[in-house]
1. For Pro310, only one of the following conditions fails: (1) in a helix (DSSP H, G or I); (2) over 26 Å from Cys125 (Cβ atoms); (3) of a type outside the set (D, E, K, R). What is its number?
2. Limited to segment 114-125, what total is found for residues that are surrounded by 24 or more Cβ atoms within 10 Å (Cβ to Cβ) and among the hydrophobic types (A, V, I, L, M, F, W, C)?
3. Going residue by residue through segment 347-359, is there one that turns out to be over 23 Å from Arg219 (Cα atoms), touching a helix residue (DSSP H, G or I) at 6+ places or on another chain (Cβ under 6 Å) and in a helix (DSSP H, G or I)?
4. Checking Tyr340 against (1) surrounded by 18 or more Cβ atoms within 10 Å (Cβ to Cβ); (2) assigned to a helix (DSSP H, G or I): exactly one of these is not met. Which one?
5. Those residues that are in contact with a Cys (Cβ under 7 Å, 6 or more places away or on another chain) and among the polar types (S, T, N, Q), I need them from segment 65-113; list them, please.
6. Does segment 135-145 contain at least one residue that is among the small types (Gly, Ala, Ser) and outside any helix (DSSP H, G or I)?
7. Looking at segment 158-166, is at least one residue outside the structural domain of Ala271 (by TED's automatic domain parsing), at pLDDT below 80, in contact with a Ser or Thr (Cβ under 9 Å, 6 or more places away or on another chain) and not small (Gly, Ala, Ser)?
8. Give me the residue from segment 349-387 that is modelled with pLDDT of 90 or more and closer than 28 Å to Ala72 by Cα and, out of that set, farthest from the chain's Cα centre (by Cα).
Amino acid sequence: MSTSVSTDVQPRSSHTGTAVLLAMTMALGPLALDTYLPAFQQMASSFRVSAHQISLSVSLYVFALAAGQLIAGPLSDRWGRATVMVVGLCLFSGASYMISQSTSLQGLMLCRMLQALGGGATTVCVPALVRDRLSGSEAARFFSLIGMIMILAPAIAPALGSLILSAFTWPVIFVFLSGYALGLVVLLKWLLFGRLQAPLAEPGGSSIWMRYRSVLSTRPALRYLFLQTFSFAVMLLFITHASYLYQDFFGASESRFALLFAANILFMMAANLVNRRLLRYFSPQQILRWSVSLQAMAVACLLLVSLVYPVLWLFLPLMMMTVGSMGAISPNTLASYMEYFARNGGTASALLGAAQFSLGGLISGLSTLLPESVPAIVAAQAACAAVCLVLVWQGSLRNQ
């Protein structure tokens, strides 16, 4: 696999501006998932249902997001990224406004599904856009820059929702999301779409099935697809059980829990910054091997601590390393995977996104069937990290 850099490289200032814009686009997902979390009780009262019923809209959004990606990815290869992104953003905006006007749980769920389809159609184009312009280490640096900005979105989204609720009622959250999407349409058309290259056409057929068959037949790339999926599952397992780990087991208060949770984000940001510097001297594949090995080592030590001496001052830094290493794993995995797809980048991106959310979400969901104990949770993380370790080093040995 080549790691050469595309000749269509823009000035670094242009890179930064484009990365910020694409990160704002990718932020649709965290904003749609997390901004309305503080409003669950208010929404439940409005619809005369339980907060648990409202929470089902989170799962519905995740699965519809994956479906939107699977449909829109190949269409972006055929019709172009700009067209699909504008349609996706308009669908997301319209559905968000419709949610604000909903009067029943059924209406909320239907509009939430449409919102996710639009969000999936929009965000699936971002990795493909980067691959259309860049490759190799340059693409990895760009993905790392997007990731650096993206880390902030899930951190501020619940606070933003709480701020809106302090002055308005829950429908205003979705009016805000609707306006945010429309603002992205304006910014993208003004600052980016005029400079886009048309994606390379895939010879021998343009149907969705043909495009997916072409991607699935690229076997070396599938290793990175599964690597991203299982490393993402490591993080999802932590998010799913974070409240039990820190509040129930270690007895942290709500305010202290927020700080402990944020510590993972800080390590992720640090890993992201280190990754961007290392990419000046090493290939994405080399850094990926080191990052996955660091995650595996950290989670192995975490399992030992949870079995022998489960105290917070040992548990916290090891969990920070386990989850925070995603700041270096994700951009390099994504760059290595997309390197194989100068053609059909949208289809490839769709397959990766759908696998990450559906399989990663399934692993996280199944983990709730495990005994509610720290060793069981960490063992599940360790199993996923072990799969990643095998995938990354098996590929390394094959390439030697």
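1. Status for Pro310: all satisfied but (1).
2. Pass one, segment 114-125, residues surrounded by 24 or more Cβ atoms within 10 Å (Cβ to Cβ): 115-116, 118-125.
Narrowing the set further to residues that are among the hydrophobic types (A, V, I, L, M, F, W, C) leaves 116, 121, 124-125.
Summing the residues that are surrounded by 24 or more Cβ atoms within 10 Å (Cβ to Cβ) and among the hydrophobic types (A, V, I, L, M, F, W, C) in segment 114-125 gives 4.
3. Our first condition is that a residue be over 23 Å from Arg219 (Cα atoms); within segment 347-359, this holds for none.
No, segment 347-359 contains no residue that is over 23 Å from Arg219 (Cα atoms), touching a helix residue (DSSP H, G or I) at 6+ places or on another chain (Cβ under 6 Å) and in a helix (DSSP H, G or I).
4. In the conditions (1) surrounded by 18 or more Cβ atoms within 10 Å (Cβ to Cβ); (2) assigned to a helix (DSSP H, G or I), Tyr340 misses (2) alone.
5. First, pick out the residues of segment 65-113 that are in contact with a Cys (Cβ under 7 Å, 6 or more places away or on another chain): 76, 81, 84-85, 95, 98-99, 102.
Residues satisfying the conditions are Ser76, Ser102.
6. The first filter runs over segment 135-145 and keeps only residues among the small types (Gly, Ala, Ser), leaving 135-137, 139-140, 144.
Those still in the list that are outside any helix (DSSP H, G or I) too: 135.
Yes, segment 135-145 contains a residue that is among the small types (Gly, Ala, Ser) and outside any helix (DSSP H, G or I).
7. Yes, segment 158-166 contains at least one residue that is outside the structural domain of Ala271 (by TED's automatic domain parsing), at pLDDT below 80, in contact with a Ser or Thr (Cβ under 9 Å, 6 or more places away or on another chain) and not small (Gly, Ala, Ser).
8. Filtering segment 349-387 down to residues modelled with pLDDT of 90 or more leaves 351-352, 373-387.
Checking which are closer than 28 Å to Ala72 by Cα leaves us with 351-352.
Values: Leu351: 13, Leu352: 10 Å.
Only one residue tops the list, namely Leu351.
The values are calculated or read from the model by the stated rules, or taken from the named source; none is laboratory data. Keep in mind that what you see is a predicted model, and the values were worked out from it rather than measured. Don't worry about glycine lacking a Cβ; one is built from the backbone with ideal geometry, like all the others, and counts go over all protein chains shown.
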